[in-house]
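> Here it is, the structure in full.
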Amino acid sequence: MIREQPTTESAISINHLTVSYGPVPALLDVTVDIPKGKLVGIIGPNGSGKSTLIKAMLGFVKPDLGEVRIFGREAAAAKGMVAYVPQRGAVDWDFPITVREVATMGRYGHRRWWQDMSRRDLQIADQALAKVRMTEFASRQIGQLSGGQQQRVFLARALAQDAEILLLDEPFSGVDAATENAILEVLRETRQQGRTLCVVHHDLSTAAEYFDYLILLKQRMFGFGTPEQILEPQLLCDVYEGNMKVFAELSGTRSAGDRSP
Amino acid sequence: MNSLVEWLTDLQLEQGHLIRPIIVGTLISLVCSVVGCFIVLRRMSFLADAIAHAMLAGVIGGYLIMKIVFGREAHLVGMLAGAILAGILTVALIGFITRVSRIKQDTAIGIMYTGIFGLGALAVSIKSIGGYVHIDITHYIIGNVLAVTNEELWLLAVVSSLVLCSVILFFRPLQITSFDPVMAASIGIPVLAVDYLLTACTSLVVVSGVRVAGVILVVALIITPAASAYLLTDRLNRMVLLSAFIGILGYWLGFGLTIAIGSSPGPTIVVTMTLIFLLILLLAPRYGILADWIRRSSLVPQEVMEDVLGAIVRSTGNVMAIPQVLQAVTAPNRRVQRAIRLLARRNLLECEADQVRLTETGQAEATRLVRAHRLWETYLAQTGEASERIHEKAHQLEHISDQQTVDYLDDKLGHPITDPHGTIIPVDSVQTSGQQDVKASMLRRGNRARIEQILPAANRLGLSVGSEITVLPRSVDGQTWNLKTDRGTAIALNHTEADALIVRPIPTDEDEGDAIPASDVS
């Protein structure tokens, strides 16, 4: 296993994390230190526990063993330091809620339950919408947006949360290339502000270009390091069990250079 | 003023027995429909129904305990507490069963509520216990708001204000836990506690609503107004207000009908609410059936618009009389006319008197469609489709004309110049306009281009990046590309090599792509 010793302060440190839903563990003995201010991709085959890892970082699932620490605090006690962009499939798109209301939801954690949203909160929500270029859709119901726009609304909500850490579950799935670039742009800007971002990602061909570090996961940690260290044919072969399609994609796209901006 | 007081006094004297049910019913409809919004959004309708049924056992349990232990007859608070306990117990049991077994939630609900309802019914049917119970069970089964007592009115007033206050105070937590529980938990909202709060509120409104509609029908008071409101708005706060309004309106209309025709109040009110729902389902401005129907019938299918463009460009070039267009496109005339208007609005064509003319963009779009059509024809001919069906099939398929598909067909067919009928397949005018790099295989006779990149497969040709080429006619089989370099040497390339040569076309004054005679490949 490849481990990079982080020289900077670690934002998320996970120690011997084991999570199970029944007899088979979703995560087994995951240990990793994610340094602050980096854009980190979480890759691995389907059902490899990527979403579970995100939920554990949010303190939403109870580990059987081990712990997740957010800047030294237990995940369950680090409320509000972590923002979350759910997978598109996990959202009820018929819910009676508008784009601006979703963005404003990002401010809920900053007010007590009996307090109203202040004008400042609404301002921050609107700024977040402007940042992802969704201002003109602010009063639309969220089901009336395209896939990429929907993704951007939830990104705006995460930005409005003003959290130190952003977790994104497959933000690039089902969006067109232009939206993918727009989202990536915002993610990079957010990293520039010293925030830490963890992104569940399934497209190996773009992983090297997008991320500073990669976590290779299949129940267990198969590696954490720079893309050059992780995107090793031998390592990927172990994890993807020789699924050749993955490698064809990887080498094919690299040589044609389609994706480079 | 005086007459109003008189009227009210008269009303009190003559219709006193009606005022109490109106106040009670209004309160109940209000809280039921408000809580109902969250139940509908969380897909908990069946669970609310279960709580309603289970409370019968709770009422009887509460009655018996109060009577046996404290000797109090028909103690209201005792029965209320029993009902709420039974509701919460049912929810807990359902959760337990789904957690420990492979039984899914809907089945678990079905099992538990019939079981607990049955337990209540069984208890009163035993003579020794039934003799103890001096309450009219039918009041609980179909409800009777006319028989409501003053004591109950006060109890319901307290319950209603409790529930309303909770919903108003905890509106944001209720909203976010219904919409995105994971995010709610991540910002420190106690999701489980909010769930319990909603369950408790549901039990309370169910217990209240039973007075109006009985355990069997009470769920209608909760979900029908909420579902109606859900069809009318896109905001939760408005949905809650609308739902309350619809609930109260439904109650008043239903209650009026009850008095007018002398029917049983519970069923009448529920039927009224259902009718209101159906009316809204039909007429709702955005999510109604009628609106959907109007939207769909005024929508001009993309195919009709494409057929109009295709018909014009295929006729005499780019002008066509409107009657001819109507004749050429197989669709209802009104629809074709609407398609023409829409195309004009999109600047794809111009209407002059009774004829239409393609604009420049319209022409490009039409050419693109013709290209797709003729490539599909070529493809169909190659896959062995019977020749008399080729045109018709390609006519359906040409609507699949996205860039990737057309590029794929073009490449697979070896970038053909003519279709099976011998007519020219137009070039991709966007890709070969000189704005972007293309494969040399896409060029036609007479095109000039500058070499931008040479992929390994074209290495043996000895060409260099930056030099210019002129395209000569393809060889007899159509699969050998002939180029002339700027130094005058002629080179022959196969398909793979032509694909491996990335070039930037140099625009020429006249568009030669379309002007190549069919004999080019004969």
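Read-outs throughout are calculated quantities, based only on the coordinates presented, and are distinct from any laboratory measurement. All figures in this text were calculated on a predicted structure; none of them were measured in a lab. Don't worry about glycine lacking a Cβ; one is built from the backbone with ideal geometry, like all the others, and counts go over all protein chains shown.
> Once you sort the root eigenvalues of the Cα gyration tensor of the range A:46-202 as a ≥ b ≥ c, which label holds: rounded (a/c under 1.5), prolate (a/b larger than b/c) or oblate (the other case)?
Values: a/c = 1.59, a/b = 1.20, b/c = 1.32.
Oblate, because a/c is 1.5 or more while a/b does not exceed b/c.
> Would you kindly state the longest site-free stretch of chain B, with sites defined as GluC sites (Glu not before Pro) in a DSSP loop (not H, G, I, E, B) surrounded by at most 11 other Cβ atoms within 10 Å?
Segment B:74-509 is the longest.
> Using 7 Å Cα-to-Cβ label points, what is the B:ARG286/A:GLU241 separation (nm, one decimal)?
About 4.6 nm, to one decimal.
> For chain B, give the magnitude of the charge dipole about the Cα centre (Cβ charges: +1 Lys/Arg, -1 Asp/Glu; no others), in debye to the nearest 20. Let's see the in-between values first.
Numbers: 40 positive and 45 negative charges, 294 e Å.
Taking the Cα centre of chain B as origin, the dipole is about 1420 debye.
> Hey, what did chain B get for relative contact order, percent, Cα under 8 Å, at least 6 apart? Walk me through the intermediate numbers first.
Working: 783 pairs, mean separation 59.0, N = 522.
Value for chain B: 11 percent.
> Further, regarding this structure: Within chain B, which is the longest segment containing none of the trypsin sites (Lys or Arg not before Pro) that sit in a DSSP loop and have at most 14 other Cβ atoms within 10 Å?
B:105-285
> Under 1.5 on a/c is rounded, so check that first for the range B:281-400, then, if it is not, pick prolate when a/b is larger than b/c and oblate when it is not; a ≥ b ≥ c are the square roots of the alpha carbon gyration tensor eigenvalues. Show your work: numbers first, answer last.
Details: a/c = 2.34, a/b = 1.33, b/c = 1.75.
Because a/c hits 1.5 or more and a/b fails to exceed b/c, the range B:281-400 counts as oblate.
> May I pose another question? Could you give log10 I(q)/I(0) at q = 0.07 Å⁻¹ for the protein assembly as shown, computed by the Debye formula over C-alpha point scatterers of equal weight, without solvent?
Debye curve over Cα of the protein assembly as shown, log10 I(q)/I(0) at q = 0.07 Å⁻¹: -0.77.
> Please list the helices of chain B that count as membrane-span-like by this rule: a mean Kyte-Doolittle hydropathy of at least -1.0 together with Cα atoms stretching 24 Å or more along the helix axis, each helix being a complete DSSP H run. Show your work: numbers first, answer last.
Numbers: long enough: B:2-41 (48 Å, 1.24); B:45-70 (36 Å, 1.63); B:76-100 (36 Å, 2.16); B:105-125 (30 Å, 1.11); B:150-169 (28 Å, 1.73); B:191-230 (30 Å, 1.90); B:236-261 (37 Å, 1.65); B:265-283 (27 Å, 2.30); B:360-382 (33 Å, -0.70).
Taking the DSSP H segments of chain B (at least 24 Å long, mean hydropathy at least -1.0), we get B:2-41, B:45-70, B:76-100, B:105-125, B:150-169, B:191-230, B:236-261, B:265-283, B:360-382.
> Here's another thing I want to ask about it. Work out which GluC sites (Glu not before Pro) in chain A are exposed loop sites (DSSP not H, G, I, E or B, at most 13 other Cβ within 10 Å) and give the longest gap free of them. It would help to have the intermediate numbers written out before the result.
On the way: sites that count: A:GLU9, A:GLU241.
The answer is A:10-240.
> Cα to Cα, under 29 Å, and not fewer than 8 places away if on the same chain: which lysines meet these conditions relative to B:LYS127?
In chain and number order, the partners are B:LYS67.
> Just to be sure I understand the model, the point goes 7 Å from the Cα along the line to the Cβ. What's the resulting B:GLN382 to B:THR423 distance in nm?
2.0
> Please report, in debye to the nearest 20, how large the charge dipole of the protein assembly as shown is about its Cα centre when each Lys and Arg carries +1 at its beta carbon and each Asp and Glu carries -1 there. Mind dumping the intermediate values first?
Working: 69 positive and 76 negative charges, 395 e Å.
The calculated dipole for the protein assembly as shown is roughly 1900 debye.
> Under a straight-distance cross-link criterion of Cα-Cα below 29 Å, which lysines are reachable from A:LYS62, leaving out those fewer than 8 residues away in the same chain?
Hits, sequence-local ones excluded: A:LYS36, A:LYS38, A:LYS50, A:LYS79, A:LYS218, B:LYS104.
> Using 1/(1 + (r/R0)^6) with R0 = 51 angstrom and r between the beta carbons of B:VAL319 and B:VAL465, what's the FRET efficiency to the nearest 0.05? List each step's numbers first, then the result.
Working: r = 44 Å, r/R0 = 0.87.
Calculated transfer efficiency: 0.70.
> Another one. A:ASP162 to A:GLN193: extension gain in nm, 0.36 nm per residue of separation minus the Cα-Cα distance? Present the calculation step by step, with values, prior to reporting the outcome.
Details: separation 31, 0.36 × 31 = 11.16 nm, distance 1.08 nm.
Full extension from A:ASP162 to A:GLN193 adds 10.1 nm.
> With the Cα gyration tensor of the range B:224-295 giving a ≥ b ≥ c as the square roots of its eigenvalues, does the rule (a/c under 1.5 for rounded; else a/b larger than b/c for prolate; else oblate) give rounded, prolate or oblate?
oblate
> Moving to a separate point now. Restricting to DSSP H runs of at least four residues, report the calculated mean residue ellipticity at 222 nm for the protein assembly as shown, -39500 (n - 2.57) per run over all residues, nearest 500 deg cm²/dmol. Working shown, then result.
Details: 29 runs with 424 residues, N = 783.
Roughly -17500 deg cm²/dmol at 222 nm, from the helical runs in the protein assembly as shown.
> Considering only B:GLY118, B:GLN435, B:ILE168, whose Cα is most displaced toward the positive end of the charge dipole of chain B, charges sitting on Cβ of Lys, Arg (+1) and Asp, Glu (-1)?
Going by the Cα projections, it comes out as B:GLY118.
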